[in-house]
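Step one of this worksheet: look at the structure below.
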Amino acid sequence: MSDIVKDSTLYRIKQIELAEAEYYKSLIKTLDRIEREVVSLASRLPLTDGKLIELQAAIAIRPQIKAILEREYLAWSDTVVRDGFNKQAKRIEKTFKRIGNIPVAFQELTKGDQALIQNLKQQYFTQFKDVSNTFTRRLSEKVYQNTLVGSEFTVLEKELRQTINGIYASADDPEAQKLVDYINDNKFNKSKQSQVDKAVQTLQSKFARDRAGENMKRYAGQILNDSLRDFDATLNFNKSKDAGLTFVKYYGDVIPTTREICRNLISGVYNKRKSGLFTIDEVRKLWTSRSWSGKKSGNPLVVRGGYNCRHQWSYVNPEWYDSKGELII
């Protein structure tokens with residue numbers, strides 16, 4: 001017999017992954033446009049013998065950089081929180097209807113749910129906006145600092161590109177650009193992860209690119225990842241609380257990079273019941289008693305395993321399970 005709770009949760013997780021892949025592709029295009037426009041803007045700064053010289057011009061460029069980021073990046077961010085969140089909210093509603101066995105009033109999105117959705121949109125859009133403000137400042141500082149010391153424009157250009165796109169900055173070298181394009185196109189293709197990792201290693205070793213770094217792409221991608229999943233977890237938590245569901249079960253794939261706490265929850269190491277269910281209080285105690293790399297502060301039912309965690313909780317009634325731990329609804 002199919003486990004409808006498991007199937008519904010994996011459906012939510014899969015749809016988040018598909019949405020993230022879609023929005024990440026549009027993010028790549030957005031950041032590439034920003035990179036081109038910012039470099040083009042900087043290329044019009046006055047030069048003497050190929051070197052930057054005018055501090056006043058360097059200062060004046062900041063509002064223009066700000067305008068580029070707001071026009072491109074904030075428009076993309078708005079699409080994520082407006083369309084992405086709405087679609088995931090409908091998927092949560094669909095799973096509640098599919099599982100059934102809870103009061104009909106809680107199977108659909110209520111006025112309270114709609115108010116929460118609106119608040120979450122504002123909250124996460126603010127996080128995206130913080131990235132825009134941060135990198136407006138950083139890009140402006142790159143222009144000013146390079147002008148202050150009289151750097152050649154090529155030095156500034158490289159710093160601007162890498163501040164925006166990091167290791168994935170555009171390159172004049174066709175081979176390096178081919179690697180960048182391959183990585184961007186296959187980031188979410190699980191069957192090509194080894195090839196993607198190899199391409200990254202080649203960029204690092206052969207083309208001297210540092211994968212780590214305080215670049216805009218890294219921060220924007222992190223917020224995209226966490227905002228979609230945290231939104232799903234928050235709305236699901238609140239709907240389940242309203243419906244009186246106080247037991248949870250953890251779902252998701254186990255891959256080589258899965259954190260130990262997530263791996264143990266899914267494999268049954270921490271199980272107190274044959275069904276693999278935990279009370280919310282048990283989850284809180286489990287989270288507060290352990291530490292691990294990437295752990296986030298906050299409600300463990302929302303933040304789950306931490307940054308980049310791809311697992312989700314489902315809320316259930318223990319009466320839905322028989323003495324063997326099998327789902328009977």
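The values are calculated or read from the model by the stated rules, or taken from the named source; none is laboratory data. No experiment lies behind these values; they were computed from the predicted model shown. FYI the Cβ positions are ideal-geometry reconstructions off the backbone, even for glycines, and counts take in every protein chain you see. Only protein heavy atoms, including side chains, enter the accessible area calculation; ligands, DNA and RNA are left aside. Shrake-Rupley method; radii C 1.70, N 1.55, O 1.52, S 1.80 Å.
Some observations on this one:
- 1 or more residues under 20 Å from the mean Cα position of the chain (by Cα) and modelled with pLDDT of 95 or more: qualifying helices (runs of 4 or more DSSP H) within the stretch 1-91: 4-42, 62-69, 75-79
- Applying a threshold of 6 Å to beta carbon distances and a minimum spacing of six or more residues, or different chains, the list of pairs starting in the stretch 179-200 at a residue that is within 25 Å of Lys14 (Cβ to Cβ) and ending at one that is assigned to a helix (DSSP H, G or I) and open to solvent by 30 Å² or more (accessible area, probe 1.4 Å) reads Asn186/Lys192.
- The residue that is farthest from Asn225 (Cα to Cα), counting only those in the stretch 155-169 that are free of Cβ contacts under 8 Å to residues at least 60 places away in the same chain and β-branched (Val, Ile, Thr), is Val155.
- Some residue of the stretch 161-171 being among the small types (Gly, Ala, Ser), within 24 Å of the chain's Cα centre (by Cα), farther than 30 Å from Leu52 by Cβ and open to solvent by 40 Å² or more (accessible area, probe 1.4 Å): no
- Scope the stretch 301-324; condition touching a helix residue (DSSP H, G or I) at 6+ places or on another chain (Cβ under 7 Å) and open to solvent by 60 Å² or more (accessible area, probe 1.4 Å); matching residues: Tyr307, Asn308, Arg310
Let's see how each residue does on (1) of a type in the set (S, T, N, Q); (2) closer than 23 Å to Ile28 by Cβ; (3) free of Cβ contacts under 8 Å to residues at least 40 places away in the same chain:
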{"position": "Arg82", "(1), (2), (3)": "no, yes, yes"}
{"position": "Lys87", "(1), (2), (3)": "no, yes, no"}
{"position": "Arg98", "(1), (2), (3)": "no, no, no"}
{"position": "Ile102", "(1), (2), (3)": "no, no, no"}
{"position": "Gly112", "(1), (2), (3)": "no, no, no"}
{"position": "Ala115", "(1), (2), (3)": "no, no, yes"}
{"position": "Gln118", "(1), (2), (3)": "yes, no, yes"}
{"position": "Gln123", "(1), (2), (3)": "yes, no, yes"}
{"position": "Thr134", "(1), (2), (3)": "yes, yes, no"}
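- For the condition part of a helix (DSSP H, G or I) and more than 29 Å from Arg161 (Cα to Cα), Gln122 qualifies.
- Test for Leu327: is it in contact with a helix residue (DSSP H, G or I) (Cβ under 7 Å, 6 or more places away or on another chain) and within 30 Å of Val131 (Cα to Cα): no
- Matching entry among Ala105, Ala89 (being among the small types (Gly, Ala, Ser) and surrounded by 19 or more Cβ atoms within 10 Å (Cβ to Cβ)): Ala89
- Only one of Ile53, Ile59 that is aliphatic (A, V, I, L, M), touching a Gly at 6+ places or on another chain (Cβ under 7 Å) and open to solvent by 20 Å² or more (accessible area, probe 1.4 Å): Ile53
- Complete set of residues in the stretch 108-144 that are basic (Lys, Arg) and open to solvent by 70 Å² or more (accessible area, probe 1.4 Å): Lys111, Lys129, Arg137
- Selection status of Thr147, assigned to a helix (DSSP H, G or I), open to solvent by less than 20 Å² (accessible area, probe 1.4 Å), touching a strand residue (DSSP E or B) at 6+ places or on another chain (Cβ under 6 Å) and in contact (Cβ under 8 Å) with a residue 24 or more places away in the chain: yes
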